[in-house]
Amino acid sequence: MTGKTKARIAIAGGGLLGRLLAWRLSRRDLDITLFEAGDLSASEGGACWTAAGMISPLSELVHSDKRVYLLGLQSLELWSDWSRQLEQQSGRKVEYRRAGSILVAHGKDRSELLQFLRELQGKLGESARGQVQLLDANALVELEPALQSFEQGLYLRGEADINNQCLLPIVLSILRQQGVNLREHSKVSCEAGQISLASGEEQFDCVIDCRGLGAKGQIEGLRGVRGEVMVVESREVVLHRPVRLLHPRYKLYAVPRSDGLTVIGATEIESEDRSPISVRSSMELSSALYSLNPAFAEARIVETRVNCRPATMDNMPYIHNEDGLVRVNGLYRHGYLLAPAMVEQVVNQVTQQLLQVV
Amino acid sequence: MSDLLTLYGKTFSSRLLVGTALYPSPAIMRQSVQASASEIITLSLRRQNPAQQRDNSFWNYIREFGCQLLPNTAGCKSSREAIELAKMSQEIFQTDWIKLEVIGDDYNLQPDPFGLVEAARELVQLGFKVLPYCTDDLVLCRKLLDVGCEVLMPWGAPIGTGQGLLNKYNLQTLRDRLSDVPLIIDAGIGAPSQATEALEMGFDAVLLNTAIAKAQDPVRMAQAFKLAVESGRIAFNSGLMLRRQTASPSTPTLDMPFWQQAESMLQE
């Protein structure tokens, strides 16, 4: 770059990817504009608000490709570093926790744990062994005293989670500090070097499209996968890390948050419907939660959230790079697991493009 | 030699029906369906709030496979629920084929025989081509035929268990007594060898989902099932030999004196 004028970057989509990209790029000498179709400070909109914020490459490997696992490992390291930087820059806590995660199954579903181990070994070979610890009832209760009704469990020591309800506003506040142009209520479409708004076109040196399902129609095979979560509040039951309950049909995770809150989810339904949570899903989630510890019966349901995860037909993250345009999408159920690794890739591609222009 | 499967007047060359749930991704599902060479695929509307959406990307993707769609009523616990869902499926998928499931037990997803007959009767009257998922009980199967089902889908074992053909005695009875009814083994098939066995026994086809979708390599497992089903069918058509109690050499053994050969023949 010659340094005469700052290169102009447009980021379309103010979800997790858009915010992190704006933050990483704002540390360079660039003129950045972030477009968001809705409201950046409302805790609703994109799938990033609905997620439970788990960063669990091993647990997810069972349902996904090994590439997702490898990107996830990279993200885990980045999150450790980035969460520290975000806390320093903002003076607030992002509630990033690396305390591992636990998998349990009830007696008659015990084969689910074995199946999980088998699939892990099938995908990782012998290296899976060192990353998973089999817990007997005593060892399990030592880690999580609330899980008393299980004979065994698995401990995935390296996994982490982050409180998205803290993280997303903190990144936004930093973007404000850094002088990023924030354009809310601006529904756009993205072409190479150009953002189209209702009011007309604007030109940029590079456009980054991370609109999630907002890009439907511009990315082939992009679809929404419905997910439903509930937030419950309990003073009686305390968990210390994400817990997953394996069952032949229902899957449940419970992620403890500060203030006695626990986020439980999540269904996965091939549907782009965003209507409120169904009775069936809420019963399934509730009864699975109850089976973790009966004292959850008196927890209060303080919130339910429904959203659609943007996914491609192969459920793999999507990156498209051409002159003046980078599209990144399809993080599916792996938003927090994949975002930092994808952001690094996009930042590299954008930097390359800007170097070539000059 | 043509050896076609005829269901409700439509002919198919594949005798393997597959489901579309539980795959790692829609793309892998499509490759698996292709590898299985299936011409009939099941799909479930149950949780997708069908009233809300005509334009579902996932369903549009499945329509493009060009297979006969067989919507199911998975998860319905009463005949009323199943009938309503069947009507909605008919409207959305433009087919009068329905895989009828009425579940009587939540844990092992066992069919409710009473609700099943009730729902089948009404759906047949409404013009549906009903393929009921039923247990292996002969009397139940006859009642389903009485109310107008032309195809039956008895279970091998409970859904998703992969236990294979649990009650071969009952299944053989069904095959013998209902010799001119197309019978499809639905549910419980976990390994290709079990599918082969079903076809060897003379069942017309098998329907499965979990065994392929949850395999570590679903596409190759689909191919394994395709070959297994073909193999079982060819074996059935070729006439299986009867089991024997003792070994008998298929060629005369030169080094064995003739009186011992005679002795061993007598023992048979």
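The values are calculated or read from the model by the stated rules, or taken from the named source; none is laboratory data. Since the model is a prediction, treat every value here as computed from it, not as a measurement. Cβ coordinates were reconstructed from backbone atoms using ideal geometry, including for glycine residues, and neighbour counts include every protein chain displayed. Accessible surface areas use protein heavy atoms only, side chains included; no ligands, DNA or RNA. Shrake-Rupley method; radii C 1.70, N 1.55, O 1.52, S 1.80 Å.
Rounded to the nearest 5, the antiparallel percentage of DSSP beta bridges internal to segment B:47-186 is 10%. For chain A, the longest principal axis of the C-alpha atoms and the axis of helix A:111-124 are separated by about 40°.
Within chain A, the percentage of alpha carbon pairs spaced more than 38 angstrom apart rounds to 18%.
A crude spin-label estimate for the pair A:ASN181 and B:LYS10, with each label 7 Å from Cα along the Cβ direction, gives 5.6 nm. Averaged over the residues of peptide A:268-276, the number of Cβ atoms from other protein chains lying within 10 Å of each residue's Cβ is 6.
With all protein chains present and a 1.4 Å probe, how do B:SER89, A:SER111 order by accessible area, largest first?
A:SER111, B:SER89
Per DSSP H run of at least 4 residues, take -39500 (n - 2.57); add these up for chain A, divide by its residues and hand me the 222 nm value, nearest 500 deg cm²/dmol.
Per the formula, -10500 deg cm²/dmol.
Take the Cα of B:ALA27, step 7 Å along the line toward its Cβ, and report every residue of segment A:205-240 whose backbone nitrogen sits under 12 Å from that point. The answer is A:220-222, whose backbone nitrogens lie closer than 12 Å to the label point. Structure note, pairs A:LYS66/B:LYS226; A:LYS108/B:LYS77; A:LYS123/B:LYS87; A:LYS123/B:LYS10; A:LYS251/B:LYS226; A:LYS216/B:LYS77: Cα-Cα distances above 32 angstrom occur for A:LYS123/B:LYS87; A:LYS123/B:LYS10; A:LYS216/B:LYS77. For segment A:56-126, the Kirkwood hydrodynamic radius from C-alpha pairs, put into Stokes-Einstein at 37 °C and a viscosity of 0.692 mPa s, yields a diffusion coefficient of 230 µm² per second. Stretching the chain fully between A:GLU201 and A:SER189 yields a gain of 3.4 nm (0.36 nm per residue, less the alpha carbon separation). The angle separating the long axis of helix A:66-90 from the principal Cα axis of greatest extent in chain A is about 70 degrees. Each peptide in A:148-160, B:19-31 was scored by the mean count of other Cβ atoms within 10 Å over its residues; highest first, the order is B:19-31, A:148-160. P(r) tail for segment A:182-229: Cα pairs beyond 16 Å make up 48% of the total.
So what is the 222 nm mean residue ellipticity for chain B from helices alone, if each DSSP H run of at least 4 adds -39500 (n - 2.57) and you divide by all residues, rounding to the nearest 500 deg cm²/dmol?
Details: 10 runs with 109 residues, N = 268.
That comes out to -12500 deg cm²/dmol.
In this structure the amide hydrogen of B:LEU17, modeled in the peptide plane, comes within under 5 Å of the amide hydrogens of B:VAL206, B:LEU207, B:LEU208, none closer than 5 places in sequence on its chain. Remark: relative contact order (chain A) = 24 percent; criterion is Cα-Cα distance under 8 angstrom and separation of 6 or more residues.
Subtracting the Cα-Cα distance of A:MET283 and A:LEU355 from their residue separation scaled by 0.36 nm leaves 20.5 nm. Ranking A:VAL350, A:TYR318, A:THR267 by Cα position along the charge dipole of segment A:260-358, where only Lys, Arg, Asp and Glu carry charges on their C-beta atoms, puts A:THR267 farthest toward the positive end. Hydrodynamic radius of the protein assembly as shown by the Kirkwood approach over all distinct alpha-carbon pairs: 27.2 Å.
Around A:LYS108, under 15 Å between beta carbons, what's the net of Lys plus Arg minus Asp minus Glu among the other residues? Computed value for this residue: -3. With both labels modelled 7 Å from their Cα along Cα-to-Cβ, the A:TYR290 to A:VAL141 distance reads 2.4 nm. Using Cβ point charges alone (K and R +1, D and E -1), the dipole size of chain A about the Cα centre works out to roughly 320 debye. Rounded to 0.05, the FRET efficiency of the A:ARG118 and A:GLU322 pair, given R0 = 45 Å and the Cβ-Cβ distance, is 0.60.
Peptide A:218-224 shows a mean partner chain C-beta count of 2 within 10 Å per residue C-beta.
The alpha-carbon of B:LYS99 sits under 17 angstrom from the alpha-carbons of these aspartates and glutamates, leaving out residues fewer than 8 places away in its chain: B:GLU39, B:GLU81, B:GLU84, B:GLU91, B:ASP112, B:GLU118, B:GLU122, B:ASP136, B:GLU150, B:ASP186, B:ASP204. Computed with a 1.4 Å probe over protein heavy atoms only, the accessible area of A:ARG309 comes to about 30 Å². Between the listed residues A:ILE32, A:GLN177, A:GLY122, the Cα displaced farthest toward the positive end of the dipole of chain A, a dipole computed from Cβ unit charges relative to the Cα centre, is found at A:GLN177.
Taking amide H as placed 1.01 Å from N in the peptide plane, A:SER186 has its amide H under 5 Å from the amide H of A:GLU36, A:ALA37, A:GLY38, each at least 5 places away in sequence or on another chain.
Ranking B:TRP59, B:LEU5, B:LEU109 by Cα position along the charge dipole of segment B:1-125, where only Lys, Arg, Asp and Glu carry charges on their C-beta atoms, puts B:TRP59 farthest toward the positive end.
Report, to the nearest 10°, how far helix A:164-177 tilts away from the longest principal axis of the Cα atoms in chain A, using its own Cα long axis and a range of 0 to 90°. For A:164-177 against chain A, the angle is about 20 degrees. Solvent-free Debye calculation, one equal scatterer per alpha-carbon of segment A:1-119: log10 I(q)/I(0) at 0.19, 0.21 Å⁻¹ equals -1.22, -1.32. Using heavy atoms of the protein chains and a probe of 1.4 Å, the accessible area assigned to B:ARG46 is about 60 Å². Remark on A:ARG257: its backbone amide H falls under 5 Å from those of A:THR262, A:VAL263, a criterion applied only to residues 5 or more positions apart or on other chains, H modelled at 1.01 Å from N.
Given +1 at the Cβ of Lys and Arg, -1 at the Cβ of Asp and Glu and no other charges, the dipole of segment B:1-106 around its Cα centre is 100 debye to the nearest 20. Considering every alpha-carbon pair of segment A:123-232, the percent of pairs per 5 Å bin, from zero through the bin containing the longest distance, is 2, 8, 9, 11, 12, 13, 11, 8, 9, 8, 5, 3, 1. Rg(Cα) of chain B divided by 2.2 N^0.38 Å? That ratio works out to 1.14. Rounded to the nearest whole Hz, the Karplus-based 3J(HN,Hα) values (6.51 cos²θ - 1.76 cosθ + 1.60, θ = phi - 60°) of segment A:315-325 follow the sequence 6, 9, x, 10, 10, 10, 10, 9, 4, x, 8, with x at glycine and proline.
A simple rule links phi to the HN-Hα coupling: the Karplus curve 6.51 cos²θ - 1.76 cosθ + 1.60 with θ = phi - 60°, which for segment B:151-168 gives 9, 10, 10, x, 6, x, 7, x, 3, x, 8, x, 7, x, 7, 6, 10, 5 Hz, with x for Gly and Pro. Residues A:ASP209, A:ASP259, sorted by accessible area with the largest first, give A:ASP259, A:ASP209 [1.4 Å probe; ligands and nucleic acids excluded]. When both bridge partners sit in the protein assembly as shown, DSSP labels roughly 55% of those beta bridges antiparallel.
Modelled spin-label separation between B:THR95 and B:SER179, with each label point placed 7 Å from Cα along the Cα-to-Cβ direction: 3.2 nm.
Remark: mean inter-chain Cβ contacts per residue of A:225-231 equal 1, using a 10 Å Cβ-Cβ cutoff to other protein chain atoms.
Scoring B:134-147, A:244-257, A:9-22 by mean Cβ neighbours within 10 Å over their residues and listing the highest first yields A:9-22, A:244-257, B:134-147. Along segment B:199-207 the Karplus relation, 6.51 cos²θ - 1.76 cosθ + 1.60 evaluated at θ = phi - 60°, assigns HN-Hα couplings of 5, 4, 6, x, 5, 7, 6, 10, 10 Hz to successive residues, with x for each Gly and Pro.
Report the relative contact order of segment A:152-258, percent, no decimals, based on alpha-carbon pairs under 8 angstrom and at least 6 residues apart.
Reported relative contact order: 12 percent.
The magnitude of the dipole of segment B:123-214, with charges of +1 and -1 set on the Cβ of Lys/Arg and Asp/Glu and taken from the Cα centre, is near 180 debye.
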